[in-house]
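Since every read-out is calculated from the coordinates, none of them should be taken as a lab result. Here the structure is a predicted model, which means the values were calculated and not measured. Neighbour counts are summed over all protein chains in view; Cβ atoms, including those assigned to glycine, are modelled from backbone coordinates with ideal geometry.
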Amino acid sequence: MKLRRNSGAFTLAVGSALASGVLVLAACGSGGGSRTSGRASAAASPAATAAIGVACGQSATVPASGSTAQEFAMRFWIKNYMRACPGTRITYDGNGSGAGQNDFLKGATAFAGSDSALSAAQITRSKSVCSHGGHAVHLPAVGAPIAIAYNLPGVSKLVLDAPTLARIFDSQITKWNDPAIAKLNPGTRLPATPIQASHRSDSSGTTDNFTSYLSAADPSAWPYGHNKEWAAKGGQSAKGSTGLAEQVKKTVGAIGYVELTHAIARNIPTVSIATGASAPVASSVLTASKAIADAKIAGTGDDDLVLQLDYTTKAPGAYPIDMVTYEIVCDKGNEPATWSATKAFLTYITDAQGQQDLSFQGYATLPATIVNKVRSKISNLS
């Protein structure tokens, strides 16, 4: 699909997008079961518009892509927003953060979802698709714990720490009854089952955040730094969070990193992390929210809202392996044909109404101070 910001026109290859797994949600009528394949022309009812708390933008088709971590949130947001604003059709292709960034930087989408920030070089590149001297900016939208999911029959509770995780995912610890694992799990009978460490095969913000945790918490055990591309040796790979979660679920001895939503959806057990606090911390909405509450805005000023997470937290009840998903747009020079609808949608998802039910979807809330800055930023975008 190709969206040209400078020309004000775009073409959307719907058939191709559907074939590649794009999420397309259409407005439902009062019966709740109808699906619209083309652009809806009905105006939003005052009651529906009031229910989501924002005014609808002009009728438009808004293409977006990126993070698989926020797919469940996007399903929730798009369904509710399009019910209230049937003149807008929003599509979201969960093709991974790296692919979503590239789609946006090619001018193919109105916004991108990404679990890691654009590089300085990518910000510079964005100036070619953001007209009127604009460039890409990051809008924090939702937080999520990255769960360490595992498949080890007979072991319902498991504790690991950063050094042990680093050595597991670097193929240095290869058996589940390794002394390093046994030391963290006294009284648990661990089998000699081979460990099948699984990582993402695609460019992934989840990988970037997971390796950020490993490199921050124990740089001596994890010498690879952080990146959206997997760098360690060995292990199995799978595409997308869905693919990785399914691989762990079907493989005895497997361990992998996925957003908590994907582990919950498949009833896969997850690891508690020994952080140095008084007790190991399990991955949950509450423990992730506690850690994310201490996030700081990187750099100075509010020109961009990239958050800096504390992966080395030892605060009681704070889960350290977390991520924040950003919606990436232009600070100015967004595509005129879609910007009104895009801005209204982004305003909704960061509104109290858009955020309030996400904990039931397995997401962590962002601090109110950050959300307020995001909403102020959106109001000044053009």
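Before moving on, here are some points about what is shown:
- Here the 3J(HN,Hα) profile of the range 249-255, calculated from phi with Karplus coefficients 6.51, -1.76 and 1.60 at θ = phi - 60°, is 4, 9, 10, 5, x, 7, 8 Hz, Gly and Pro shown as x.
- Ratio of the Cα radius of gyration of the range 145-291 to 2.2 N^0.38 Å, where N counts its residues: 0.95
- Counting neighbouring Cβ atoms within 10 Å and putting the fewest first, the residues Ile168, Ile292, Ile123 line up as Ile123, Ile168, Ile292.
- The range 280-382: radius of gyration and largest Cα-Cα distance (Dmax), Å: 15.1, 50
- FRET efficiency for Ala192 and Glu229, using Cβ-Cβ distance with R0 set to 25 Å, rounded to 0.05: 0.20
- Greater than 25 Å apart at Cα, pairs in Lys228/Lys249; Lys239/Lys377; Lys249/Lys314; Lys106/Lys296; Lys157/Lys183: Lys239/Lys377; Lys249/Lys314; Lys106/Lys296
- Residue among Ser201, Val159, Phe169 farthest towards the positive dipole end of the range 145-291, charges placed on Cβ: Val159
- Of the trypsin sites (Lys or Arg not before Pro) in the range 213-303, the ones in a loop by DSSP (not H, G, I, E or B) with at most 10 other beta carbons within 10 Å are Lys233.
- A simple spin-label model places pseudo-atoms 7 Å from Cα toward Cβ; at Ser220 and Thr369 they are separated by 3.4 nm.
- For Asp310 and Gln58, the FRET efficiency from 1/(1 + (r/R0)^6), where r spans their Cβ atoms and R0 equals 35 Å, is about 0.25.
- Ranked Val258, Val142, criterion: other C-beta atoms within 10 Å, fewest first: Val142, Val258
- The range 279-357, dipole about Cα centre (Lys/Arg Cβ +1, Asp/Glu Cβ -1), debye to the nearest 20: 240 debye
- Only lysines eight or more places from Lys233 in sequence, or on another chain, were considered; those with a Cα closer than 17 Å are Lys175.
- Put simply, the amide H of Phe111, placed in the peptide plane, has neighbours under 5 Å in Ser65, leaving out anything fewer than 5 places away on its chain.
- Cβ crowding within 10 Å ranks Glu229, Glu327, Glu246 as Glu229, Glu246, Glu327, fewest other Cβ atoms first.
- Summed side-chain charge close to Tyr311 - residues other than Tyr311 whose Cβ falls under 15 Å, Lys, Arg +1, Asp, Glu -1: -4
- Rel. contact order, % - alpha carbon contacts under 8 angstrom, at least six apart, the range 145-291: 37 percent
- Efficiency of FRET between Lys296 and Gln353 - r from beta-carbon atoms, R0 41 angstrom, step 0.05: 0.95
- Basic side chains Lys and Arg get +1 at the Cβ, acidic Asp and Glu get -1 at the Cβ, and with that the dipole of the range 145-291 about its Cα centre reaches some 360 debye.
- Neighbourhood charge, 9 Å Cβ-Cβ cut-off, centred on Ala64 and excluding it, Lys, Arg +1 and Asp, Glu -1: -3
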